Amino acid sequence: GAMNEHAGIVNRLKWAQDYFKLTQNDVVLQKTTFCFDVSVWELIWPVLVGAKIVFAKPEGQKDNDYLSEIIESAGVTMLHFVPSMLAAFLPDADAHQLSSLKKVLCSGEALKLSHVEAFKEKLPQTELHNLYGPTEAAIDVTCWTMPSGNEKIDRVPIGKPVSNTSIYILDDNQNLLPFGGIGEIVIAGVQVARGYLNRPDLSNEKFIAD
């Protein structure tokens, strides 16, 4: 795996608090396996601000009825979905039952326009945020927030970089492309990992000198 450093994780958690502003009144549902990096913020971030963590039962994230019941009974205000799991959850979602839910964070896969449209229809009172981050960085490096109201969108972007992070779009020769150019996303900043553990070949392939 990639060697993500303590400072990178701390930066990501501090950015999240600055951006989303969790309070002691918030309730975060912890439902991600600890093998997946999302679990890092689910477990640590609420503790940093004194918010409440509710642990879903094992495999509970796959049961829509159970998820809706625990969100309602525990007053969950924030949770994470991989987009495909969100798409599976939304047909059974009831805005009245899920009235406590303030924010849903998505990452791990591409969030599709169909997901966003279904979300707006089913949960109009809840914010939706799309986060992006590859294995080679600490959790997420960009964020896009779904516009409120009736603003029409024709695509779901990955958004803007988090604190102390720069995103560049480069061509095959590592030259900066102009606005609108199509190239490769290159990430710089404190959240970039040190490299791959015991894989110098992969580190040389994925990481470049800056």
Open item on the list: Taking the condition of being open to solvent by 50 Å² or more (accessible area, probe 1.4 Å), assigned to a strand (DSSP E or B) and more than 29 Å from residue 205 (Cα to Cα), how many residues in the range 119-134 meet it?
Closed with: 1
Task: The one condition in (1) in contact (Cβ under 8 Å) with a residue 12 or more places away in the chain; (2) within 30 Å of residue 206 (Cα to Cα); (3) among the small types (Gly, Ala, Ser) that residue 39 fails to fulfil - done: (1)
Task: Spans of strands (runs of 3 or more DSSP E) in the range 135-196 with at least 1 residues of a type in the set (Phe, Trp, Tyr) and more than 24 Å from residue 123 (Cβ to Cβ) - done: 165-170
- [ ] Within the range 106-122, track down each residue that is touching a helix residue (DSSP H, G or I) at 6+ places or on another chain (Cβ under 8 Å), within 28 Å of residue 163 (Cβ to Cβ) and not basic (Lys, Arg).
- [x] 106, 107, 108, 109, 110, 111, 115, 119
Open item on the list: Of everything in the range 1-10, what is outside any loop (DSSP other than H, G, I, E, B) and open to solvent by 20 Å² or more (accessible area, probe 1.4 Å)? Give them in sequence order.
Closed with: 2, 6, 7, 9, 10
Task: Matching residues, the range 135-153, being more than 11 Å from the chain's Cα centre (by Cα) and either more than 19 Å from residue 107 (Cα to Cα) or touching a residue at least 24 places away in the same chain (Cβ under 8 Å) (or both) - done: 135, 136, 137, 138, 146, 148, 149, 150, 151, 152, 153
- [ ] Kindly check whether there is at least one residue in the range 92-100 that is touching a helix residue (DSSP H, G or I) at 6+ places or on another chain (Cβ under 6 Å), at pLDDT 95 or above, of a type outside the set (D, E, K, R) and under 25 Å from residue 205 (Cβ atoms).
- [x] no
Open item on the list: Return the residues of the range 168-207 that are closer than 20 Å to residue 7 by Cα and either in contact with a Leu (Cβ under 6 Å, 6 or more places away or on another chain) or open to solvent by 50 Å² or more (accessible area, probe 1.4 Å) (or both); say none if nothing qualifies.
Closed with: 186, 190, 194, 196, 197
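The values are calculated or read from the model by the stated rules, or taken from the named source; none is laboratory data. Predicted, not measured: the structure shown is a model, and the values here were computed from it. Don't worry about glycine lacking a Cβ; one is built from the backbone with ideal geometry, like all the others, and counts go over all protein chains shown. Accessible surface areas use protein heavy atoms only, side chains included; no ligands, DNA or RNA. Shrake-Rupley method; radii C 1.70, N 1.55, O 1.52, S 1.80 Å.
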